[in-house]
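Undergrad: Sharing a structure, written as structure tokens. Questions coming.
The values are calculated or read from the model by the stated rules, or taken from the named source; none is laboratory data. In this text the structure is predicted, and so the values were computed from the model without any measurement. All Cβ positions, glycine included, derive from the backbone under ideal geometry; neighbour counts span all protein chains shown. Keep in mind that these areas ignore ligands, DNA and RNA; they rest on the heavy atoms of the full protein, side chains included. Shrake-Rupley method; radii C 1.70, N 1.55, O 1.52, S 1.80 Å.
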Amino acid sequence: VVLVHGVWDLLHPGHIEHLYQAKLFGDRLIVSVVPDEFCTKEQLIYSLEQRLTMLRAVKWVSTALSCKGPGPQEVIENLHPSVYVRGSEYAGVAAPEDELIRAKGILRGYTHSISIHTSDIIARIKALP
């Protein structure tokens, strides 16, 4: 079981590639989604339910579920995934869930850098005439 976690707003090709690469780490890919009230972005484009629906439509995703806080700790405790995957830009960057992942002996995986990011897409949209 592979776990990835994030906001997943404005699903785009970079997210899809990240999910595809994450799925290569195991048999089942579980996606943990940050609930609306814990999102730190200025304004979400899609609600939690809409984000879950989009993720569930991605063929590599076995299950998409909401966590109960800003981080995936509760999902990690309940699911005990074999691998926790993040994007390569987070390699060496501390996360609140790191201690729990180490304590449970969960492997850490990283997907290759994806050149497209949500903030880039939003900037491109704002720049349209």
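Undergrad: Take the stretch 45-80 and flag every residue that is closer than 23 Å to Asp27 by Cβ, of a type in the set (D, E, K, R) and touching a residue at least 12 places away in the same chain (Cβ under 8 Å).
TA: Glu77
Undergrad: Could I ask something else about it? What are the residues in the stretch 1-14 that are open to solvent by 50 Å² or more (accessible area, probe 1.4 Å) and either touching a Phe, Trp or Tyr at 6+ places or on another chain (Cβ under 6 Å) or part of a strand (DSSP E or B) (or both), if any?
TA: Across the stretch 1-14, there are no qualifying residues.
Undergrad: Please find, among Val83, Val75, Val58, Val7, the residue that is in contact with a Leu (Cβ under 7 Å, 6 or more places away or on another chain) and within 28 Å of Arg124 (Cα to Cα).
TA: Matching residue, one of Val83, Val75, Val58, Val7: Val58.
Undergrad: Right, something else. Looking only at the stretch 74-129, which residues are touching a strand residue (DSSP E or B) at 6+ places or on another chain (Cβ under 6 Å), hydrophobic (A, V, I, L, M, F, W, C) and more than 19 Å from Asp9 (Cα to Cα)?
TA: Residues satisfying the conditions are Val75, Val83, Ala91, Ile101, Ile106, Leu107.
Undergrad: Please work out which residue is most open to solvent (accessible area, probe 1.4 Å), limiting yourself to the stretch 53-112 and to residues that are hydrophobic (A, V, I, L, M, F, W, C) and assigned to a helix (DSSP H, G or I).
TA: Per the criteria, the residue is Ala103.
Undergrad: If the Cβ limit is 6 Å and pairs must be 6+ apart or interchain, which residue in the stretch 14-29 that is more than 19 Å from Ile121 (Cβ to Cβ) pairs with which residue that is surrounded by 18 or more Cβ atoms within 10 Å (Cβ to Cβ) and basic (Lys, Arg)?
TA: Qualifying pairs under 6 Å: Leu29/Lys23.
Undergrad: Suppose we filter the stretch 15-47 for residues that are in a helix (DSSP H, G or I), at pLDDT below 95 and surrounded by fewer than 18 Cβ atoms within 10 Å (Cβ to Cβ); how many remain?
TA: Total meeting the criteria: 5.
Undergrad: Which condition does Ile121 not pass, out of (1) buried (at least 17 other Cβ atoms within 10 Å of the Cβ); (2) part of a helix (DSSP H, G or I); (3) β-branched (Val, Ile, Thr), if it passes all the others?
TA: Ile121 satisfies all of (1) buried (at least 17 other Cβ atoms within 10 Å of the Cβ); (2) part of a helix (DSSP H, G or I); (3) β-branched (Val, Ile, Thr) except (1).
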